[in-house]
Structure formats: structure tokens, C-alpha cells
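FYI, it's all coordinate maths here, none of it is from the lab. Values in this document were obtained by computation on a predicted structure and should not be read as measured data. Ideal geometry is used to build each Cβ from the backbone, glycine not excepted, and the neighbour counts take in all protein chains shown.
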């Protein structure tokens, strides 16, 4: 097992598209998968109202965990820690939603319509402003896992 350097951590976080968001909900750990993109030191995503958003609004600290797994003996894992921030300006919301559609062209019709109407009240656009990241790996470090996300 080895520790990933800063570039390897950022590369994996930027290459992956689905991660597990961890937050605190009603005093307990709560982890859910999210679609996201990483840019400018932040993870951007969207959601409908629900437990995840209530938890993030109540306690803004959260983390995102991302893996690249080739097999049981060759994998990398990253944890990114940061602070939840809701994106409220319509122009910023629209830009982020459009970028999500570029990364995820097969979003459901509901999600696609959210991207077209950034002012929809039930559409929550948010980011996790990353303040520190860590990563570990096991197995071959020749970069073969990068191909899984390119």
C-alpha cells in the first residue's frame, strides 16, 4: 500500500464521475452516491430536496470518496474533504447544470429539464469546496487504472 501524491489524488478525483458523498444526518454518518464533476478545487453536483440536502444544510462539512478498482489487488481510493455551498445565482446554476449534462448526457428527463430551467425551485445545485484530500493505492503504480476513466 502507498500514499498517492497530490497530483495523483487530483487526477483521480477529476477523472471519476461517480463518488460517495458522506455527511452527518441526524447524528449519524450518511453516505450516498452522487454524479459530479471536479473543477477549480470544488466538486459540483445537483439534487432534489431530501435527506442529503437537509443534512448538508444543517452541518456543512462533508466528504467525497472515489475509487478506481481494477481488482482486489490493484486499486486507488481518494477522500476529499470540504464545505457544502449551495449555488443560488441563476447564471452560475445554469452553467453548472450544463456542465453536468456534458459529463452525463444520459441524465433522466427530469434532470435534463432541471438543467434547462436553472430557476426551478426543486433543483438544488451545490458544490463541496475542497480544503484537503488524501489518497491511497495498492498494486501496480504504472497508471493502468487511469484508462478506466478517460
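The order of 18, 130, going from fewest to most other C-beta atoms within 10 Å of their C-beta, is 18, 130. Estimated translational diffusion coefficient (Stokes-Einstein, Kirkwood radius over Cα pairs, 10 °C, 1.306 mPa s) of the stretch 2-138: 103 µm² per second.
The stretch between residue 83 and residue 129, if pulled fully straight at 0.36 nm per residue, gains 16.0 nm over its current Cα-Cα span.
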